[in-house]
1. So, of the residues in the stretch 328-341 that are at pLDDT below 90 and touching a helix residue (DSSP H, G or I) at 6+ places or on another chain (Cβ under 8 Å), which turns out to be nearest to residue 315 (Cα to Cα)?
2. Before we move on, is residue 190 crowded, with 19+ Cβ neighbours inside 10 Å and at pLDDT 90 or above?
3. Considering only residues that are without any contact (Cβ under 8 Å) to a residue 60 or more places away in the chain and aliphatic (A, V, I, L, M), which ones fall in the stretch 229-243?
4. Might you let me know whether the stretch 220-232 holds any residue that is closer than 17 Å to residue 155 by Cβ and surrounded by 12 or more Cβ atoms within 10 Å (Cβ to Cβ)?
5. What number of residues within the stretch 310-328 satisfy the criterion of being more than 36 Å from the chain's Cα centre (by Cα) and loosely packed, with under 11 Cβ neighbours inside 10 Å?
6. Given the condition at pLDDT 80 or above, under 17 Å from residue 98 (Cα atoms) and surrounded by 15 or more Cβ atoms within 10 Å (Cβ to Cβ), answer yes or no: does some residue in the stretch 57-70 qualify?
Amino acid sequence: MSSSGDGLAERPGHSLVGVIQMPVTVGSPVRSIVRRVIWALLALAATVAIVYADRTGYRDANGNGQPLSLLDCIYYSTVSLSTTGYGDITPVTETARLVNVLVITPLRVLFLIVLVGTTLEVLTERSRQTFKIQRWRRKVRDHVVVVGYGTKGRSAVSALLGEGTDPASIVVVDTERASLEAASAQGLVTVHGSGTRSDVLRVAGVPRARAVVVAANRDDTAVLVTLTARELAPKAQVVAAVREAENVHLLRQSGANSVVVSSETAGRLLGMATSTPSVVDMVEDLLTPDAGLAIAEREVETGEIGGSPRHLSDIVLGVVRGGVLFRVDAPEADAIEAGDRLLYVRKVTPPATVNR
């Protein structure tokens with residue numbers, strides 16, 4: 001099992017920018033530039049007002065000792081805010097100064113926006129990311145950590161989102177930047193690093209997570225990730241996927257609460273599709289939470305206590321009691337008890353589309 005390594009979990013927030021990536025709302029570039037121009041014009045107007053209010057304290061080297069006019073104040077403000085300063089060539093007529101105000105200075109401002117704006121935006125975004133990371137690390141708990149964002153990890157996240165899980169409460173851990181970018185585009189928090197390292201899982205908040213989904217591409221990696229996650233979070237629900245059924249016992253011994261055999265499950269569905277394709281369609285429908293039917297779990301209602309789950313209006317598949325699942329035909333499930341949870345088939349209504 002990997003040790004804490006370089007102390008990643010103990011690093012301050014600013015040094016984790018690039019390791020942790022918070023979701024970013026991308027706005028319109030045109031709107032961003034317009035907003036910057038408006039702020040620049042407001043700053044210019046404020047400067048002109050200040051200079052004009054104290055115009056007797058300024059002297060025009062090319063004037064006759066008269067107080068500055070409003071145009072003089074605007075000219076002085078523009079050349080000052082644009083960091084132009086004074087050179088050996090300066091406009092001395094009002095026409096030249098008007099051209100400087102209306103044409104040259106806007107071009108100069110646009111130049112500064114193009115040249116400096118990107119650098120300032122990067123620095124601002126880094127500071128914003130640092131603040132978000134620090135706040136997130138203080139508050140994150142009872143979230144779901146998904147280790148691996150390949151086909152299995154993406155499907156797991158889709159299922160979580162389909163069941164109503166808040167994207168902000170899902171953290172994705174992966175070593176591939178492209179996968180992390182795809183996860184971030186869905187509004188998920190991402191952590192760049194290997195899930196086999198305990199310091200990476202600490203940064204992802206595994207010790208305070210309610211569940212860890214191990215969706216690694218290799219079975220040996222899944223075993224190591226499960227071992228590390230279980231050590232960090234003894235009470236978390238750890239679910240893992242493996243390719244081969246012979247490795248299930250290794251995952252169980254490593255601390256996984258549930259193990260899904262991906263290759264065996266896919267092979268079973270392929271075999272069933274050759275003779276009973278409708279059964280495969282029904283299974284896929286049950287596993288897809290977006291529409292049709294879906295398997296769900298709920299608490300029992302007061303009026304259902306003491307009754308049989310077979311007599312309910314819902315199609316009950318099993319009863320969860322004390323963390324143990326009893327099928328609906330098991331003797332233990334004959335009567336519903338207080339504190340039980342029902343595993344049932346729920347009808348999913350797709351969101352209505354608005355015709356325009």
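1. Checking each candidate, the answer is 328.
2. yes
3. 232, 233, 236, 238, 239, 240, 242
4. Yes: one or more hits.
5. Applying the first criterion (more than 36 Å from the chain's Cα centre (by Cα)) to the stretch 310-328 yields 310-313, 326-328.
Still in the list and also loosely packed, with under 11 Cβ neighbours inside 10 Å: 311, 313.
Going through the stretch 310-328 one residue at a time, the tally reaches 2.
6. To start, the set of residues in the stretch 57-70 that are at pLDDT 80 or above comprises 70.
Pick out the ones that are also under 17 Å from residue 98 (Cα atoms) and you get 70.
In the following step, the residues that additionally are surrounded by 15 or more Cβ atoms within 10 Å (Cβ to Cβ) were identified as none.
Within the stretch 57-70, not a single residue is at pLDDT 80 or above, under 17 Å from residue 98 (Cα atoms) and surrounded by 15 or more Cβ atoms within 10 Å (Cβ to Cβ).
The rows are residues; the columns are (1) small (Gly, Ala, Ser); (2) out of contact with any strand residue (DSSP E or B) (no Cβ under 9 Å at 6 or more places or on another chain).
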site: 147; (1), (2): no, no
site: 155; (1), (2): yes, yes
site: 160; (1), (2): no, no
site: 175; (1), (2): no, no
site: 183; (1), (2): yes, no
site: 189; (1), (2): no, no
site: 200; (1), (2): no, no
site: 209; (1), (2): yes, no
site: 215; (1), (2): yes, no
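Residue-wise test of (1) out of contact with any Asp or Glu (no Cβ under 7 Å at 6 or more places or on another chain); (2) in contact (Cβ under 8 Å) with a residue 24 or more places away in the chain; (3) over 30 Å from residue 161 (Cβ atoms).
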| position | (1), (2), (3) |
| --- | --- |
| 294 | yes, yes, no |
| 317 | yes, yes, no |
| 321 | no, no, no |
| 337 | yes, yes, yes |
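The values are calculated or read from the model by the stated rules, or taken from the named source; none is laboratory data. Predicted, not measured: the structure shown is a model, and the values here were computed from it. In this analysis, Cβ positions are derived from the backbone assuming ideal geometry, glycine residues included, and neighbour counts consider all displayed protein chains.
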